[in-house]
Amino acid sequence: MGVANDYTTLIDNESSTKDKLDIIERRTRERLAVLLGVDDDGAIPAKFNYIVADVVAARFSRIGNEGMKSANQDGLGLVFQENDFAQFMAEINQFKNGDVVGPRHGKVWFV
């Protein structure tokens with residue numbers, strides 16, 4: 001399935017919610033794989049599944065408002081982030097740089 005078909009499915013009111021979520025999840029995993037610098041097979045470590053879930057939810061709620069920074073409808077205002085991964089960049093960069101999150105063990109020598 002190509003990008004045009006994916007987008008058509010996303011904006012089609014007749015498409016199922018599951019089909020839309022599947023597309024958004026696949027695209028989110030592809031993007032996160034690039035950000036993490038993992039192999040082409042897109043094997044994202046399980047510890048990053050929370051990022052996938054949060055970004056999928058954000059993107060699903062934005063269907064039909066792509067490219068907009070904000071939307072207002074019937075007194076309800078929505079403001080969208082420009083980068084859905086921005087709030088996770090610290091964790092992503094730690095992974096890319098090989099930083100270990102949590103306590104580190106080692107030896108200290110005083111001379």
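Assorted remarks:
- With the cut-off at under 19 Å, measuring from each backbone N in the range 44-58 to a point 7 Å along the Cα-to-Cβ line of T9 picks out 52-53, 55-58.
- Highest mean packing comes first when the peptides 54-63, 86-95 are listed by Cβ atoms within 10 Å, giving 54-63, 86-95.
- Separation of the M89 and E25 label points, Cα + 7 Å toward Cβ, nm: 2.8 nm
Read the figures in this text as sums done on the coordinates, not as results from a lab. What you see is a predicted model; the values in this text were computed from it and never measured. Because the Cβ atoms are built from the backbone with ideal geometry, glycine has one as well, and the counts that use them run over all protein chains shown.
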